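K.L.:
Encoded as structure tokens, here's the structure I'll be asking about.
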Amino acid sequence: MSKKFAFVLLVDDNSFLGAKVTISGILLHASRPFKIVVFYWNLSQQNKNKIKSMDSNIVFKKIPQEDYKNCKFASFPRNWDYNCAYRFEIFTL
């Protein structure tokens with residue numbers, strides 16, 4: 001059985017610029033036997049198009065926020081602008 005690899009990012013409009021820089025670095029410096037997967041929520045179509053224009057092989061997956069509305073987490077020591085349970089979407093790949 002062959003293994004499949006992916007580089008995964010969680011992106012919204014607040015983290016868009018950091019994601020764009022990260023993807024640029026990957027595209028410039030990494031030999032890519034893997035997919036780049038962008039899990040997103042609250043990402044404008046304009047920003048999504050900017051990411052799409054970087055590489056046609058980037059895969060987008062919308063996070064179903066409703067599925068995580070009851071997930072509670074402590075904000076200390078971090079105060080994130082998103083539900084950290086979104087990271088569990090990686091298991092849907």
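K.L.:
Over segment 1-57, what is the mean sequence separation of C-alpha contacts under 8 Å (at least six apart), divided by residue count, expressed as relative contact order in percent?
P.N.:
49
K.L.:
Just subtract the alpha-carbon distance of Lys4 and Arg87 from 0.36 nm times their residue separation and send over the number in nm, one decimal.
P.N.:
Length difference between fully extended and current span is 28.0 nm.
K.L.:
At 0.36 nm per residue, minus the direct Cα-Cα distance, what do Ser24 and Val59 gain on full extension? Give it in nm, one decimal, please.
P.N.:
Extending this stretch completely gives an extra 11.1 nm.
K.L.:
Mind listing which chymotrypsin sites (Phe, Trp or Tyr not before Pro) in segment 2-35 are in a DSSP loop and have 10 or fewer other Cβ atoms within 10 Å?
P.N.:
Those satisfying the criteria are Phe5.
Rule-based calculations on the coordinates, nothing more; no lab input. Everything quoted here is computed from the prediction, not taken from an experiment. Note that each Cβ is placed from the backbone with ideal geometry, even for glycine, and that neighbours are counted across all protein chains shown.
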